[in-house]
1. Please find, within segment 127-143, the residue that is nearest to the ligand (Cβ to nearest atom) out of those that are open to solvent by less than 50 Å² (accessible area, probe 1.4 Å) and β-branched (Val, Ile, Thr).
2. Can you tell which of 7, 29 is in contact with a Lys or Arg (Cβ under 8 Å, 6 or more places away or on another chain) and among the aromatic types (Phe, Trp, Tyr)?
3. Kindly indicate the residue of segment 92-120 that is open to solvent by 50 Å² or more (accessible area, probe 1.4 Å) and in contact (Cβ under 8 Å) with a residue 24 or more places away in the chain and also nearest to residue 76 (Cα to Cα) among those meeting that condition.
4. Going through 89, 124 one at a time, which residue ends up being within 16 Å of the ligand (Cβ to nearest atom) and out of contact with any strand residue (DSSP E or B) (no Cβ under 8 Å at 6 or more places or on another chain)?
5. When you check residue 42 against the structure, is it over 22 Å from residue 118 (Cα atoms), open to solvent by 60 Å² or more (accessible area, probe 1.4 Å) and without any contact (Cβ under 8 Å) to a residue 24 or more places away in the chain, yes or no?
6. Please state which one of 78, 107, 48 is more than 21 Å from residue 13 (Cβ to Cβ) and of a type outside the set (D, E, K, R).
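The values are calculated or read from the model by the stated rules, or taken from the named source; none is laboratory data. Note that the structure is a prediction, hence the values are computed from the model and not measured. Please note: Cβ atoms are built from the backbone with ideal geometry, for glycine as well, and neighbour counts cover all protein chains shown. Remember, those area values only see protein heavy atoms, side chains included, never the ligands or the DNA or RNA. Shrake-Rupley method; radii C 1.70, N 1.55, O 1.52, S 1.80 Å.
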Amino acid sequence: MDLEQLYRQVIMEHYKRPKNKGLLNNDSYELIHLNNPSCGDEIAVEVLYEDDTIKDIRHDGKGCSICCSSASIMSVMLKDKQVDDAKKIIYEYYEMIKGYPFNDQILNGDILAYQGVTKFPARIKCATLAWKAIEVLLEKHGGDRNNGW
Ligand code: ZN
């Protein structure tokens, strides 16, 4: 099996058996909805914090395999991370998706399957929709905390 096949398998696995899928609709979670009109992807992401740690991430929605699978893998990668560390992972992911050099200490394992998206610019929005959603939530979390001071 070549690398491209392996990557396709990773993506299909997360598409068919997504992790952390389904919203809990619990008031302790912060929720966001985002759409990608160019492909018809719709996604909702919710996050639960404990201080500055991401205790849980849930996602739901419909869309193409790239979008739905990347929401699943995003939830796996960022769960139990500190907010600041999660932001670093998000940054490196965008660099990888855009085809720029990225830090392979921070990004490794299954997430590398999305490197191939670089070759399909139309799919970049699909691959980043769930990541944009969590990014907006994390930015809001920082803001809320500072406002509290
Ligand atoms: Zn899509």
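1. So in segment 127-143, the residues open to solvent by less than 50 Å² (accessible area, probe 1.4 Å) come out as 127-131, 133-134, 137-138, 141-143.
Within this subset, residues satisfying the condition of being β-branched (Val, Ile, Thr) are 128, 134.
Values: 128: 10, 134: 17 Å.
Here the residue is 128.
2. 29
3. Of everything passing the filter in segment 92-120, 110 is nearest to residue 76 (Cα to Cα).
4. On the way: 89 fails: within 16 Å of the ligand (Cβ to nearest atom).
Of 89, 124, the one residue that is within 16 Å of the ligand (Cβ to nearest atom) and out of contact with any strand residue (DSSP E or B) (no Cβ under 8 Å at 6 or more places or on another chain) is 124.
5. Details: over 22 Å from residue 118 (Cα atoms): no; open to solvent by 60 Å² or more (accessible area, probe 1.4 Å): yes; without any contact (Cβ under 8 Å) to a residue 24 or more places away in the chain: yes.
Considered against the rule, which asks whether it is over 22 Å from residue 118 (Cα atoms), open to solvent by 60 Å² or more (accessible area, probe 1.4 Å) and without any contact (Cβ under 8 Å) to a residue 24 or more places away in the chain, residue 42 comes out as no.
6. Going through 78, 107, 48 in turn, just one is more than 21 Å from residue 13 (Cβ to Cβ) and of a type outside the set (D, E, K, R): 48.
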